[in-house]
Amino acid sequence: MRKVLVYLSAALIGTGIGAWSALDMAGLIAGDRRTGAGIDIGGWVGDLSVGSADADPYLRARIARHGLLALAKSEAIYFTRDRDDAGTPFSEQCRYRLSGEGQPALWWSITLYDDRSFLPDNTDGALSFDASGADGKPWSVTISPARPADGSPWISSRNAGRFDLTMRIYVPDAGVLERPAEMIHPPKVEKLDCAGGAG
Amino acid sequence: MNKWLAPLLVALVCAAASHAAVLHFAPSVIMGRALDKMAARGTPVNGFSLGPRTTPQTQTVVRPSPDMAYSACLFDLAKAPRGLRVRMNATPGYASLSFFDARTNNFLTVRGNGETREVILLPPGSSTTVPDTAVAPSTTGVILIRRLAPTAQDYAKVTELAREDGCDAI
């Protein structure tokens, strides 16, 4: 009887550890919400095997949880960023300046998501910034929980908690998939200030 | 020490098996739940429906793009044994027709380039050499039309175009 209990315990503990490690390594539990870890361009992390049958099991599970129905790289590539230029995780308690230039693609956008990978629960109508707002020139956008008083371009982080940003690049130009680090221009994210001196 | 070796091996085998099982089943479980959620919100089986403009209040899957208008067709080839005729109406600007199987693989994408696109989707196990025809890796999945529509005015234009989309049993 004692032997049975030992083996049963071993089986249960092993099963639990195996399942938990898979959930954690594939980003299926709270924590790392990045949709890939293949390449890092200026703090923007992506994986060009997203949407592909060639994606490894960990990436496939990660994408199922945080980027379901993502397109394969021939159509769109995705990058995620969850911290500012100083390496501090994003927070709706702080304001940021997101800035950059155009991308080598038909169209691009940057969208803010909350810590559950959903659009934040607000009605501010300021969920993203895209190529049409940049109009081919260097651009700058404020990320904050309140609309800037001067009416400048804005992405709302209200009710987003510990949010992250996803950059979508649709129909990348020739050469981007082969030399992404050379051709993609990673936007910068500078923290401006935080409420109550936090962060 | 020896008396613990066998239980340790049991633990390791169980850990490896459960680790592999979670990775193997997670995508299809998550996809299955997403398809159920979409069906519950009215996405038709073997028919396209244009979703409402994407907002925090209307989103159904993780990380939707608020700049795209999405039309979705939940395909079930058990109900269309001869296949589906899938049609995306011509659209100015960016539009794509993408097919996802039950394990989340994006097995086909067709870009609009301003023209109407049509694909015949055949059940798993079929064979074909006919152009604009694809064999689905699974019996069920989802077909998405994405159209660039960052503003409410753009979305209103898409509403008209999407009336001519089709996802019909042959």
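The values are calculated or read from the model by the stated rules, or taken from the named source; none is laboratory data. Computed from a predicted model, the values in this text were never measured in an experiment. Cβ placement follows ideal geometry from the backbone for every residue including glycine, while neighbour counts extend to all protein chains displayed.
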**OP:** Taking B:His24 as meeting all but one of (1) modelled with pLDDT of 95 or more; (2) under 25 Å from A:Asp24 (Cα atoms), write down the number of the exception.
**Re:** (1)
**OP:** Those residues that are surrounded by 14 or more Cβ atoms within 10 Å (Cβ to Cβ) and touching a helix residue (DSSP H, G or I) at 6+ places or on another chain (Cβ under 9 Å), I need them from segment A:101-112; list them, please.
**Re:** A:Gly102, A:Gln103, A:Pro104, A:Ala105, A:Leu106, A:Trp107, A:Trp108, A:Ser109
Subject >> Residues (of a type in the set (D, E, K, R) and either assigned to a strand (DSSP E or B) or away from chain B (no Cβ under 11 Å) (or both)) located in segment A:153-170 >> reply: A:Arg162, A:Asp164, A:Arg168
Subject >> Which listed residue, of B:Pro27, B:Pro56, is farther than 20 Å from B:Arg117 by Cα, buried (at least 21 other Cβ atoms within 10 Å of the Cβ) and facing chain A (nearest Cβ under 8 Å) >> reply: B:Pro27
Original post:
Looking at segment B:96-110, which of its residues are closer than 16 Å to B:Asp132 by Cβ, more than 7 Å from chain A (Cβ to nearest Cβ) and in contact with a Lys or Arg (Cβ under 8 Å, 6 or more places away or on another chain)?
Top reply: B:Leu97, B:Val110
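Taking segment A:140-190 as the region of interest, how many residues are over 21 Å from A:Arg83 (Cβ atoms), surrounded by 16 or more Cβ atoms within 10 Å (Cβ to Cβ) and not hydroxyl-bearing (Ser, Thr, Tyr)? It would help to see each step written out before you state the result.
So in segment A:140-190, the residues over 21 Å from A:Arg83 (Cβ atoms) come out as A:146-153, A:170-179, A:182-183.
Among the residues that remain, those that are also surrounded by 16 or more Cβ atoms within 10 Å (Cβ to Cβ) are: A:170-172, A:176, A:183.
Filter once more, keeping what is not hydroxyl-bearing (Ser, Thr, Tyr): A:171-172, A:176, A:183.
The number of residues fulfilling the criteria is 4.
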**OP:** Give the residues of segment B:119-144 that are assigned to a strand (DSSP E or B) and away from chain A (no Cβ under 12 Å), sorted by residue number.
**Re:** B:Val119, B:Ile120, B:Leu121, B:Leu122, B:Thr133, B:Ala134, B:Val135, B:Thr140
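Residues in segment A:123-130: is at least one of a type in the set (S, T, N, Q), within 22 Å of B:Arg147 (Cβ to Cβ) and either in contact with a Ser or Thr (Cβ under 6 Å, 6 or more places away or on another chain) or surrounded by fewer than 18 Cβ atoms within 10 Å (Cβ to Cβ) (or both)?
Yes - at least one qualifying residue is present in segment A:123-130.
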Original post:
Are any of the residues in segment B:2-18 out of contact with any strand residue (DSSP E or B) (no Cβ under 6 Å at 6 or more places or on another chain), among the β-branched types (Val, Ile, Thr), modelled with pLDDT of 90 or more and surrounded by fewer than 17 Cβ atoms within 10 Å (Cβ to Cβ)?
Top reply: yes
Original post:
Restricting the search to segment B:136-165, which residues are crowded, with 17+ Cβ neighbours inside 10 Å and touching a helix residue (DSSP H, G or I) at 6+ places or on another chain (Cβ under 9 Å)?
Top reply: B:Ser138, B:Thr140, B:Gly141, B:Val142, B:Ile145, B:Arg147, B:Leu148, B:Ala149, B:Pro150
Original post:
Got a sec? Which of A:Gly125, A:Gly87 is more than 13 Å from every other protein chain (Cβ to nearest Cβ) and assigned to a loop (DSSP other than H, G, I, E, B)?
Top reply: A:Gly87
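For (1) modelled with pLDDT of 95 or more; (2) part of a loop (DSSP other than H, G, I, E, B); (3) crowded, with 17+ Cβ neighbours inside 10 Å, each residue gets a yes or a no:
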site: A:Val6; (1), (2), (3): no, no, no
site: A:Ala10; (1), (2), (3): no, no, yes
site: A:Trp20; (1), (2), (3): no, no, no
site: A:Thr35; (1), (2), (3): no, yes, yes
site: A:Val45; (1), (2), (3): no, no, yes
site: A:Ser52; (1), (2), (3): no, yes, yes
site: A:Leu71; (1), (2), (3): no, yes, yes
site: A:Glu92; (1), (2), (3): yes, yes, yes
site: A:Tyr96; (1), (2), (3): yes, no, yes
